[in-house]
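Shown next, in structure tokens, is the structure this report addresses.
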Amino acid sequence: MTRTHGTHGTHGTHEGGALVSGEGLPGWLEPVARSAGTIAAEQLSRFLPPASGGGRQSAVLILFGDGARGPELLLMERATSLRSHAGQPSFPGGALDPGDGDPVTTGPLRAALREAEEETGLDPSGVQIFGVLPRLYIPVSGFVVTPVLGWWRDRSPVTAVDPAETARVFTVPVADLTDPVNRATAVHPSGHLGPAFLVESALVWGFTGGLIDRILHFAGWERPWDRARQVPLDWRS
């Protein structure tokens, strides 16, 4: 049985089933793997899981791959007909199912891979999970989210499997995410400000934009950008 690398927080070390391993990662991905083991939830978001233990357990897959233009991230755009986060770019992911197992240990890992396969057609066998970030909270939907970090070791075709849930699936070069020209501060009608990325004909903001922003920062990939440049969000957001 393979012993996995430790991860931050309550996840600890996982054995069997969905494994976490940092072995054999490309050199460019090592800064992400290193920072994943030390980042605290408070450094990622001001929205933390309720102390009561409430909230619906879920997971997202933050999948890095090697693309035609170098390192890239896999994203999807949610269908405009969905009740929550309609039309927003996001990481593949969703709520845990009972079959995913223990929500404190390997459950989120299996859920992230399962949801990614259901939403994008991704072949989970080609993904190496190399880290798990601390659980965060999305107040508007009540989800407690475990971000799962993956390396797309063996690429497989991806597409929007169910148009009722997913409008499109796309990859974004990390070089575009770090380019100051593509960065802005999103202004929500509520007054909330947050990092945003204008890439691949999409505005990536909210929970997804915030996580990308923090990952770029802690990996040392962030480049100075104009935080005074603001992009107003539609009132329906």
### Message
Here's a check for you: in region 117-160, which residue that is part of a loop (DSSP other than H, G, I, E, B) and among the hydroxyl-bearing types (Ser, Thr, Tyr) is modelled with the lowest pLDDT?
### Response
SER141
### Query
Taking region 35-65, which residues are out of contact with any helix residue (DSSP H, G or I) (no Cβ under 9 Å at 6 or more places or on another chain) and either closer than 18 Å to VAL148 by Cα or surrounded by 15 or more Cβ atoms within 10 Å (Cβ to Cβ) (or both)?
GLY37, GLU42, GLY55, ARG56, GLY65
#### Entry: Residues (assigned to a helix (DSSP H, G or I) and either open to solvent by less than 10 Å² (accessible area, probe 1.4 Å) or polar (S, T, N, Q) (or both)) located in region 173-204
LEU177, THR178, ASN182
#### Entry: Failed condition for PRO195, given (1) in contact with a helix residue (DSSP H, G or I) (Cβ under 8 Å, 6 or more places away or on another chain); (2) under 22 Å from SER58 (Cα atoms)
(2)
### Search result, residues across region 142-170 that are open to solvent by less than 40 Å² (accessible area, probe 1.4 Å) and either closer than 16 Å to GLY94 by Cβ or polar (S, T, N, Q) (or both)
GLY142, VAL144, VAL145, THR146, PRO147, VAL148, GLY150, SER156, ALA160, THR166, VAL169
### Contacts under 8 angstrom Cβ, first residue in region 72-87 being open to solvent by less than 30 Å² (accessible area, probe 1.4 Å), partner modelled with pLDDT under 60 and not β-branched (Val, Ile, Thr), 6 or more apart
ALA79/ALA86
### Query
Does THR208 satisfy the condition of being of a type in the set (Ser, Thr, Tyr), part of a loop (DSSP other than H, G, I, E, B) and either surrounded by 18 or more Cβ atoms within 10 Å (Cβ to Cβ) or in contact with a Lys or Arg (Cβ under 9 Å, 6 or more places away or on another chain) (or both)?
no
### Message
Which pairs turn up if I take residues in region 154-170 that are closer than 14 Å to LEU61 by Cβ and look for partners that are of a type in the set (Lys, Arg) and surrounded by 12 or more Cβ atoms within 10 Å (Cβ to Cβ) with beta carbon separation below 7 Å, at least 6 apart in sequence or on another chain?
### Response
THR166/ARG78
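Determine whether GLY22 is in contact (Cβ under 8 Å) with a residue 60 or more places away in the chain, surrounded by 16 or more Cβ atoms within 10 Å (Cβ to Cβ) and either touching a helix residue (DSSP H, G or I) at 6+ places or on another chain (Cβ under 6 Å) or more than 18 Å from GLU119 (Cα to Cα) (or both). Before you say what the answer is, go through the steps one by one.
On the way: in contact (Cβ under 8 Å) with a residue 60 or more places away in the chain: yes; surrounded by 16 or more Cβ atoms within 10 Å (Cβ to Cβ): yes; either touching a helix residue (DSSP H, G or I) at 6+ places or on another chain (Cβ under 6 Å) or more than 18 Å from GLU119 (Cα to Cα) (or both): yes.
Yes, satisfied.
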### Filtered residues of region 68-88 (kept if modelled with pLDDT under 95 and either at positive phi or touching a Ser or Thr at 6+ places or on another chain (Cβ under 8 Å) (or both))
GLU77, ARG78, ALA79, SER84, HIS85, ALA86, GLY87, GLN88
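The values are calculated or read from the model by the stated rules, or taken from the named source; none is laboratory data. As the structure is a computational prediction, the values presented were derived from the model and not from experiment. Glycine also receives a Cβ, built like all others from the backbone with ideal geometry; neighbour counts cover every protein chain displayed. Note: accessible area is taken over every heavy atom of the protein model, side chains too, but ligands, DNA and RNA are not part of it. Shrake-Rupley method; radii C 1.70, N 1.55, O 1.52, S 1.80 Å.
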